[in-house]
1. Using a Förster radius of 30 Å, what is the FRET efficiency between B:GLU199 and B:VAL70 based on their Cβ-Cβ separation? Nearest 0.05, please.
2. Between the helical axis of A:145-157 and the dominant principal axis of chain A, each derived from Cα atoms, what acute angle in degrees is found, rounded to the nearest 10?
3. Per-residue Cβ counts within 10 Å, from other chains only, averaged over A:460-469: what number is that?
4. What is the average number of partner chain Cβ atoms found within 10 Å of a Cβ in A:297-310?
5. Can you list the residues, at least 5 places off or on another chain, whose amide H is less than 5 Å from the amide H of B:ASP340, using H built in the peptide plane?
6. Taking the simple approach of a point 7 Å from Cα along Cα-to-Cβ for both A:VAL169 and A:ARG401, what is their distance in nm?
7. Just the number: Rg to Rh for the range A:8-72, Cα atoms, Kirkwood Rh, two decimals.
8. Where Rh denotes the Kirkwood radius from the mean inverse Cα pair distance, what is Rg over Rh for the protein assembly as shown?
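Every number in this text was worked out from the coordinates using simple rules, so none of it is lab data. Since we're looking at a predicted model, the values are computed, not measured. Cβ coordinates were reconstructed from backbone atoms using ideal geometry, including for glycine residues, and neighbour counts include every protein chain displayed.
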Amino acid sequence: MSTLTAELAETAERAREAAMELGLDFPEVVFELVEPDELNMVASYGGFPVRYAHWRFGMEFQHLHKSHEYGLSKIYELVINNDPCYAYLMKTNTPMEMKLVMAHVFGHADFFRQNAWFKPTDRRMMDTMANHATRVHRHVQRQGAEKVEDFLDACLSLENLIDPMSLYVKRDAPAEPVPDFDTERYAAGQVHRFDVKHRYMEPFVNPKTALDAEKKQIAADMEKRKSGKLEPTRDVLGFLLRRATLQDWQADCLDIVREEALYFAPQAMTKILNEGWACWVHSRLMTQRLLDPSEVVDYCDKHSGTLSSPPDRINPYKLGLTLLRDIEDRWNRGAHGRAWRDCDDAEKRRRWDTKDGDGVKKVFEVRRIHNDVTFLDAFLTPDFIEQEKLFLYGRDPRTGRTVITDRDPANVKKKLLQQFTNMGQPLIDVVDDNHENRGELYLVHRHEGVNLREDFARETLRALHRLWSRPVHLETVVDQSRVLWTYDGKDAGTRELGKIE
Amino acid sequence: MRRVDQDVTRFRRIVKGEIRQNLKRYVAQGELIARQGDRAVSVPLPQIDLPKFTFGDRGGGGVGQGEGQVGEGVGNEAGEGEGSHQLEVEVSLDELAQILGEELALPRIKPRGTQQVEADMKRYRSIRRTGPRSLRHFKRTFRHALRRQVMLGTYDPKRPAIVPIPEDERFRSYEVQRVPESSAVILYMMDVSGSMGNEQKEIVRNTAFWIDAWIRSQYRNVVVRYIVHDAAAREVDRHTFFHLKESGGTKISSAYRLCDEMIEKDYPDEQWNVYCFHFSDGDNWSGGDTAECLRLLDEELFPKSNLFCYGQVKSAYGSGQFKHDLDQRFAGREELVTADIPDKDGILACIREFLGRGR
């Protein structure tokens, strides 16, 4: 790893100035030149130079290493959401590529700082990750590598059971057990009354409304405790952290896995917009400010390479960039709002022009407030879907071939939104930790049309059982009927819960 | 030692099943396809998927982009299973041999012989102050120039212009080295009697190709000779070796005798590393001939060669007696390796068996 050479430092400075002039806002960006394998290592660590020891990083590294070695793939850069923002550049990039990559990096750095969904993220994550590594290492030394790794694997199996929205909204505190010293008073339904010096102050210090509210609250709490029901929560990891009987080191490992999963959640939530924005920024900076005429062809080649998409997949870079450009164009022409939407004439809509010229401003606004789901929901118009030739594909049940099944914009949009909701992960809540009054854990999968993969779900229940140590259940839907999958520590079980109308 | 190396080691050991056996069932075999001409090689890329609550088959569906009517097929077959990593790549034969060596964990071959034969080799590995421009060592020249400028105090870090003068220049130059030269000869013998069908030949051809690739990657000089035999043996060229269809009886001793003669005549010195590979279905003419074979091996071929490999291809007619005889007589002999090749899938195991000793 080394710092930039003099020429590259100059390129970086020019890119920085151009980015500032465009109106981007970013923390200090530190560029590091790295060898291919160093970059592969950082990439397999999810962008960080230091992570705790775990075999899956080794697996990732081997894959990256091999496919780089055999010339199948190349990573140009990697940038971390941190303050200062660290960007790793592949040493073997050509000068033009360096320029392009730097412009791209400034786009990401701006996005990390400006996008609302990144607001609550830890900007010292590089240090935090290193601390996590130290903590895990300490547990390994005390407990043994095998034991810690085995437990980490169980935690990682549950990694996606977090509540990403908990970063932004304060949930009602789940019904915690009442503190011990209060239990009796609570059980008796007594409210807390402040001492008063003079009787006349009583209605002011302990107003009747407050007392009544507390009484009601106590009654509700007691009711809830009796039924043993808790507030359903999507934050399964957080729940386990509070409630499962874990040893200190186990709780610490679980905490680390959860914290890191939450850190990466905003990135998973904004993949399309983040990449689209960075591409929008780099193409603007390159074509308008940075590019030397002799580099144009090479640049176009690289740029279009990034944006190519195989027919069966959506390239987030491309979708994000084209959608942002569409927004820029529409807001430049004033082609939005009710009058435009209600216009039935496609040709008229296409030629709509009020000479607003708000395009760039709108694009900046979009990058500030949206995530992928809201971005697609708000701006993916039927016109755009037709123009970009998006389609739905599926398996033809007769021939077994993969064919285009639908080109209806509404359906395409629905499917896309579905794919990006909850970062493409199933929605699973804990609803009961005392199922059948036997301390068994009860999870419910909110089925929205796609079944869970059963063999994986069964294995994941085992992992969950390792943490909960009492039987665990998952309620889900298979072919229109509700089923309950169970693992009790020895055997896996299945119970039909009835058809859905 | 990089930080990630310990993770890689740990992952490898898990895949091999040395540790964490409970993860073994999650190991999936992805692969990376390498191409050499029209020959595809796949490099295994094992992968462990930790189970999670995830969506199952989405009906193979998703959103795509591009031309096409509803009902038309989508470009390449989508939904080929997201977990398997299929990558294709073009490689040279040399790299191929390296990959083979790596993946099969083949030891490097230790050349035998007294290594008396030496060749003069010019190697550019030293530096002089004079020389032709084309050999100027750019980096060193500038390093000396920089050193001189720093010493003279004319170097300005703000304007880092470095101008070498003739005294700074350094040139690459060669040194003559005496290096031991080793060469190898590979002798392939194949039974082409009536019982060896097309499928058996295909197996032999594939095996021979890989053995060839590996040995060639280990020696600078490789000579390959081919012998076919039924009741009598003769030398043939490569094309004939793989395409010949004969019929008749089998006298293995004829091949061994011819092989021995060839070694005696053409590769007598200690400097030659001799590899013999014999493929047959193991159905010899008579016990008497087998006895003669064993004698030839013991007295002539073993002392003269690094390795004698016998691969027995399974055929509908062969009794497979010959391998049995060899194993019985020469149990524990280092010079001899025998292997069964039941079908095409057995080829890799056979190569590992043959070349795994690093002789």
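1. Values: r = 46 Å, r/R0 = 1.52.
After rounding to 0.05, the efficiency reads 0.05.
2. Rounded to the nearest ten degrees, it is 80.
3. Working: counts 5, 2, 2, 3, 1, 0, 0, 0, 0, 0.
Across the residues of A:460-469, the mean count of other-chain Cβ atoms within 10 Å is 1.
4. Details: counts 0, 0, 0, 0, 0, 0, 0, 0, 0, 0, 0, 0, 3, 7.
Mean partner-chain Cβ count within 10 Å for A:297-310: 1.
5. Distant-sequence amide H within range of B:ASP340: B:GLN312.
6. Between A:VAL169 and A:ARG401, the simple spin-label model gives 4.6 nm.
7. Details: Rg = 15.9 Å, Rh = 14.1 Å.
Ratio of gyration radius to Kirkwood radius for the range A:8-72: 1.13.
8. On the way: Rg = 35.7 Å, Rh = 33.7 Å.
Using only Cα positions, Rg/Rh for the protein assembly as shown is 1.06.
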